[in-house]
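Enquirer: Handing you this structure, nothing more for now.
The values are calculated or read from the model by the stated rules, or taken from the named source; none is laboratory data. Note that this is a predicted model, so its numbers are computed, not measured. Virtual Cβ from ideal backbone geometry, glycine too; neighbours counted across all protein chains shown.
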Amino acid sequence: MKKRILYVLRPVEGGIGEHVKILAEEINSPYQVFIACPPDTGMLKKLEKGEIQVIPFKLQGNISPWSDFINVFYLSRILKKYKIDLLHLHGYKAGLIGRLAARISRDIPVVLTLHNFRDYQRKSILPGFCFTGIEKILSRKTDTIITVSQALKEDLLSNLGIEENRVVRIYNGIDYLKYSSFQKGFSIEPVRTRGKDNNVKGLVVGAAARLAPQKGIEDFLIASKLVLQKDIKKKVRFLIAGEGPLRKSLEDQVRKLGMHKYVFFLGYVDNMPEYLSSLDLFVLPSRSEGLSITLLQALAVKRPVVATETGGVPEIVSHGSTGYLVSAANPFSMAEGIEKMLNNAHLRNSLAQRGQELVRENFTREKMVERTRALYEEILEGLGK
C-alpha cells in the first residue's frame, strides 16, 4: 500500500502554487498525494493527474485567532480520516496550523518548506518576539525544514536558532524543457508600436509578479519613468503580468506619472512561456524574495534579466555573467540596469545564453523532486514505516 502524503498551503498563486503542483504530480507515483488548500487556489486546478485528491481547507493568509483555532482541529481530523503518513506544510501560516494539528491527531512526521523571508524586525517587539518563541518550540517538533535558497536557510538559522541538522536547502525547480523549447510568443506588435509615433517599433521590458508590496512593482514603475525620460523617441514599452491587492493603486500611479501609453497591465497570464518569450528584457524588481520561480522561467526561455540583489536572487543571477544585479528598493539603480541592457544587444544575448545554461544544470524540476523524494524516504525509513 502506498504511503500517504498531505500537502497543506494557504491561498497562493504563482511560484508556491507551481512548486506544489510539480511536487504533487511527480511524487504521486511512489506515494499517494493529497492537497489541503482553499478552494480558490487556482494553480492547483491545473493538476494533470486526476488521482491527486484536493481537500477544501479554508486556511487564511493572515492571523485570525478563531478561524485558526478551528482549522487546527479540522486539519487533525483530516490527518486521521485519510490516514496520512507524512505531512508536508508550505509557508509559515500552514506551518503553524499544521504542526499543531499533527501533535493533536497523532505523532506523524512533519516537513515544512519555507518559500519566503519572514520580517523579524517588527514595529512592535511583542509580535516578533512571540513568533520567534513559537517557531522555536514548533521547530523541535518538525522533522525537517526545507528552504528554497541558501540565503533563506542562513536567515532562518541566525534569527531562530534552529539546529542546523533540521534545515536543508532544496532549490526550486522548473520544467526546463517546457520553457527552453518554447519558440513563438504571443503577438505584442500592438504594444511595440503604441504611443506618440505608431511607426516606431521598440523594445519591450516585462515583469511578472503578484501585485503586492514585497514584489517592488512600484519601484519598477518609477524606474520605467526614468528610462522613458531618456528615451526621446519613446520606443520602450513596459508590460506587467499578474494580479494582486495593489493593482488599482499601481494603475493610478501609472496615470499620475503620465505613462499610460507606455505601461500595460496584463492581469493574470495563463501561459507564462508565451509571455516571457515575447519580451526583450525581463525585470525582477522584488524587495524580498526567497528564490523566484518566474526568474528561473525567464532564464529558461533565454531572456536577459535585470534583478534586484535580495534574498536568494544572487544564487541565480551572477552579476555580469547570468544577468544584471541592481540594488533592491532603488528605482535609480534599476533604471540604470535597464538602460544598460537595452543599449547593448550583445550583452543581452550573452547573459541570456549563460543564464539558460545555469537553469538547465541546477534548477530543474527533476533535481527538486529527486531531493524531496530522497528526504521523504529517509524520514519514513527512519521511523520504520
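Enquirer: Within the stretch 290-326, can you find the residues that are assigned to a loop (DSSP other than H, G, I, E, B), surrounded by 21 or more Cβ atoms within 10 Å (Cβ to Cβ) and under 17 Å from the mean Cα position of the chain (by Cα)?
Expert: Matches in the stretch 290-326: 290, 291, 292, 310, 311, 312, 316, 317.
Enquirer: Can you pull out the residues in the stretch 252-273 that are surrounded by fewer than 15 Cβ atoms within 10 Å (Cβ to Cβ), under 21 Å from the mean Cα position of the chain (by Cα) and in contact (Cβ under 8 Å) with a residue 40 or more places away in the chain?
Expert: Answer for the stretch 252-273, where residues must be surrounded by fewer than 15 Cβ atoms within 10 Å (Cβ to Cβ), under 21 Å from the mean Cα position of the chain (by Cα) and in contact (Cβ under 8 Å) with a residue 40 or more places away in the chain: 268, 271.
Enquirer: Do you know which residues across the stretch 67-89 are closer than 14 Å to residue 38 by Cβ, at pLDDT 95 or above and in contact with a Lys or Arg (Cβ under 8 Å, 6 or more places away or on another chain)?
Expert: The one that is closer than 14 Å to residue 38 by Cβ, at pLDDT 95 or above and in contact with a Lys or Arg (Cβ under 8 Å, 6 or more places away or on another chain): 71.
Enquirer: Hey, another quick one. Taking into account only those residues within the stretch 19-48 that are within 16 Å of the chain's Cα centre (by Cα) and modelled with pLDDT under 90, which is nearest to residue 61 (Cα to Cα)?
Expert: Here the residue is 41.
Enquirer: A further question follows. Exactly one condition in (1) part of a helix (DSSP H, G or I); (2) over 23 Å from the mean Cα position of the chain (by Cα); (3) at pLDDT 80 or above is not met by residue 141; state its number.
Expert: (1) is the only condition that residue 141 fails.
Enquirer: Select the strands (runs of 3 or more DSSP E) contained entirely in the stretch 1-116, then report the ones holding at least 1 residues which are crowded, with 19+ Cβ neighbours inside 10 Å.
Expert: Qualifying strands (runs of 3 or more DSSP E): 4-9, 32-37, 86-90, 110-114.
Enquirer: Considering the stretch 327-341 alone, what residues qualify as being buried (at least 20 other Cβ atoms within 10 Å of the Cβ), touching a strand residue (DSSP E or B) at 6+ places or on another chain (Cβ under 9 Å) and in contact (Cβ under 8 Å) with a residue 60 or more places away in the chain?
Expert: Those that are buried (at least 20 other Cβ atoms within 10 Å of the Cβ), touching a strand residue (DSSP E or B) at 6+ places or on another chain (Cβ under 9 Å) and in contact (Cβ under 8 Å) with a residue 60 or more places away in the chain: 328, 334, 335, 338, 341.
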